[in-house]
Amino acid sequence: MRIAVIGGTGHIGSFLIPRLVRAGHEVVSFSRGVADPYTAGAEWQQVQEVVVDRAAEDAEGRFGRTVLAARPDAVIDLICFTARSAAALVEALRGEVGHLLHCGSVWRYGPSRKLPIAEGSDAADDPCDEYGVQKARIAALLKEETAAGGLVTTSLHPGHIVGPGWQPIGPLGNLDPSLWSALSAGRSIPIPGSGAEMLHHVHADDVAQAFEGALHHRETAAGEDFNIVAPTALSVRGYIEIAAGWFGQEAKMHSVGWERFREITSPEHADVSWSHLHRSQVFTIEKARSRIGYAPRYEPEAAVLEAVRWLIDHDRLHTQTPLLDS
């Protein structure tokens, strides 16, 4: 099969494209051409690369034609962020391509009401920011397109994507690298809430596995949407306890409340913490297991540890004590 991957050198594409090549597919990678993929390997030598500015081409109404020029049998879109952009691509691909797979986000859901959150349930509130609103609209648009007999589509919705090469969402729900230094030194961590708030990570390669599964199970994936996360989720307190142990430290933490947390944390990191922790989401992956054979390899703590180890080994993260097994 000839497969076009839009956003091929990003977090997911870096793992997905080598998988597709190893499976015997012919792959065309669309990207802006400004960054190398997060993985290396001989598979990339077999990939046709197309440099394109999607935003500019969307504005001119010609991005869909650019994708079609690659003559794909299926298209995997990893970087669509607005319903308008999704609708334009669907219009271009309808009747020309056999399957469109879209990367959504668990932020199409708002704060949790019941756990775990299943696709199509009432377990979460409506999305609470424009990013989530757009992802929810895209998922609905794609489902309606297939139900109406148009383009066959599937949307997959990852949690907090983790992998070697970039900062993971940390125990306080943000990207503050100083937290890892504090954990490694055995310092007490100020937590803004109860510590029972939940974070649901997923390794980038498990997301790639899910896309591969949806591609290969086209009939059962047609018109469907799937939560793609690790088998379990981490609470703030549990995450801190596990991560402190990586450095041989006993976890220490103290509750400060959100008002004080915002006083002692940069606005950027405090806002990101609130965005993650007030949602407090946990998802079920039973639908993905049964429909597309999703079988994640990574528990969340293993995925995060791999990312932290990579950052330390590549001098991108500085800690007071080394990892116990490094």
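The values are calculated or read from the model by the stated rules, or taken from the named source; none is laboratory data. Please read all numbers here as calculations on a predicted model, not as lab measurements. Neighbour counts are summed over all protein chains in view; Cβ atoms, including those assigned to glycine, are modelled from backbone coordinates with ideal geometry. Protein only, heavy atoms only, side chains kept; ligands, DNA and RNA dropped before computing areas. Shrake-Rupley method; radii C 1.70, N 1.55, O 1.52, S 1.80 Å.
Per 0.36 nm of contour for each residue apart, how much would the distance between Leu324 and Arg22 grow if the chain were fully extended, relative to their Cα-Cα spacing? Walk me through the numbers on the way to the answer.
Details: separation 302, 0.36 × 302 = 108.72 nm, distance 3.45 nm.
Residue separation times 0.36 nm, minus the Cα-Cα distance, leaves 105.3 nm.
Based on Cβ point charges of +1 for Lys and Arg and -1 for Asp and Glu, what charge dipole magnitude is obtained for the chain about its Cα centre, in debye rounded to the nearest 20?
260 debye
So which lysines pass the test for Lys287, namely a Cα distance under 21 Å, with those fewer than 8 places away in the same chain ruled out?
Result set, ordered by chain and number: Lys114, Lys135, Lys143.
Can you list residues whose amide H is under 5 Å from Phe226's amide H, if they're 5+ apart or on another chain and H is modeled 1.01 Å from N?
Under 5 Å from the amide H of Phe226 lie the amide H atoms of Ser155, Leu156, His157, each far enough along the sequence or on another chain.
Place a +1 charge on the Cβ of each Lys and Arg in segment 1-106 and a -1 charge on the Cβ of each Asp and Glu, then give the dipole magnitude about the Cα centre in debye, rounded to the nearest 20.
Taking the Cα centre of segment 1-106 as origin, the dipole is about 140 debye.
When the chain is fully extended, how far beyond the present Cα-Cα distance does His217 get from Asp315, taking 0.36 nm per residue of separation? The partial results should precede the final answer.
Working: separation 98, 0.36 × 98 = 35.28 nm, distance 4.09 nm.
Additional length available on full extension: 31.2 nm.
In Å², and per residue, what accessible area does segment 97-161 have when probed at 1.4 Å with the other protein chains present?
38 Å²
When the Kirkwood radius is taken over all Cα pairs of segment 199-326, what Stokes-Einstein diffusion coefficient follows at 25 °C and 0.890 mPa s, in µm²/s? The partial results should precede the final answer.
Values: Rh = 17.0 Å.
Rounded to a whole number, D works out at 144 µm²/s.
For Gln167 paired with Ala196, estimate the spin-label separation in nm (one decimal), with each label point 7 Å from Cα along the Cα-to-Cβ line.
3.0 nm
Over segment 46-86, average the accessible area per residue using a 1.4 Å probe and give it in Å², no decimals.
Working: 2220 Å² over 41 residues.
Per-residue accessible area for segment 46-86 comes out at 54 Å².
Given the chain, what percent of its DSSP beta bridges are antiparallel, to the nearest 5?
10 percent
In sequence order, what are the phi-derived ³J(HN,Hα) couplings for segment 95-105 according to the Karplus relation 6.51 cos²θ - 1.76 cosθ + 1.60 with θ = phi - 60°, rounded to whole Hz, with x for glycine and proline?
Per residue, the Karplus-derived 3J(HN,Hα) values read x, 10, 10, x, 6, 10, 10, 10, 8, x, 6 Hz.
Can you check what the net charge comes to around Gln134, using other residues whose Cβ is under 10 Å from the Cβ of Gln134 (Lys, Arg +1; Asp, Glu -1)?
Working: positive: Arg84, Arg108, Lys135, Arg137; negative: Asp129, Glu130.
Its environment carries a net charge of +2.
Please compute the net charge surrounding Gly150, taking Lys and Arg as +1 and Asp and Glu as -1 over other residues with Cβ under 13 Å from its Cβ.
In short, -2.
Calculate, in whole percent, how much of the Cα-Cα pair population of the chain lies beyond 26 Å.
Counting every Cα pair in the chain, those more than 26 Å apart make up 48 percent.
Considering amide H positions built from the backbone, and no H for Pro or chain starts, which residues 5 or more places from Glu49, or on another chain, come under 5 Å of its amide H?
Correct list: Ser29.
What's the carbon and sulfur percent of the chain's accessible surface, probe 1.4 angstrom, rounded to a whole number?
Accessible surface attributable to carbon and sulfur in the chain totals 49 percent.
Can you tell me the 0 to 90 degree angle between the C-alpha axis of helix 204-216 and the longest principal axis of the chain, rounded to 10?
That works out to roughly 30 degrees.
Enumerate the calculated ³J(HN,Hα) couplings along segment 231-245 in order (Karplus 6.51 cos²θ - 1.76 cosθ + 1.60, θ = phi - 60°), each rounded to whole Hz, writing x wherever the residue is Gly or Pro.
Running phi through 6.51 cos²θ - 1.76 cosθ + 1.60 with θ = phi - 60° gives x, 9, 10, 10, 7, 4, 5, x, 4, 4, 5, 5, 5, 4, x Hz.
Would you please give the FRET efficiency between Asp73 and Glu130, computed as 1/(1 + (r/R0)^6) with r the Cβ-Cβ distance and R0 = 45 Å, to the nearest 0.05?
0.85
Please list, in chain and number order, the residues 5+ apart from Ile191 or on another chain whose amide H is under 5 Å from its amide H, with Hs placed from the backbone.
It is His254, Ser255, Val256, by chain and number.
Please list, in order along segment 154-162, the HN-Hα scalar couplings obtained from phi with the Karplus expression 6.51 cos²θ - 1.76 cosθ + 1.60 (θ = phi - 60°), rounded to whole Hz, x for Gly and Pro.
Result, rounded to whole Hz: 8, 10, 10, 10, x, x, 7, 6, 10.
Just how far, in whole angstrom, is segment 119-169 from segment 20-76 if you go by their alpha carbon centroids?
21 Å
I want the local charge near Ala270. Using Cβ-Cβ distances under 12 Å, sum +1 for each Lys or Arg and -1 for each Asp or Glu among the other residues.
Cβ neighbours under 12 Å give a net charge of -3.
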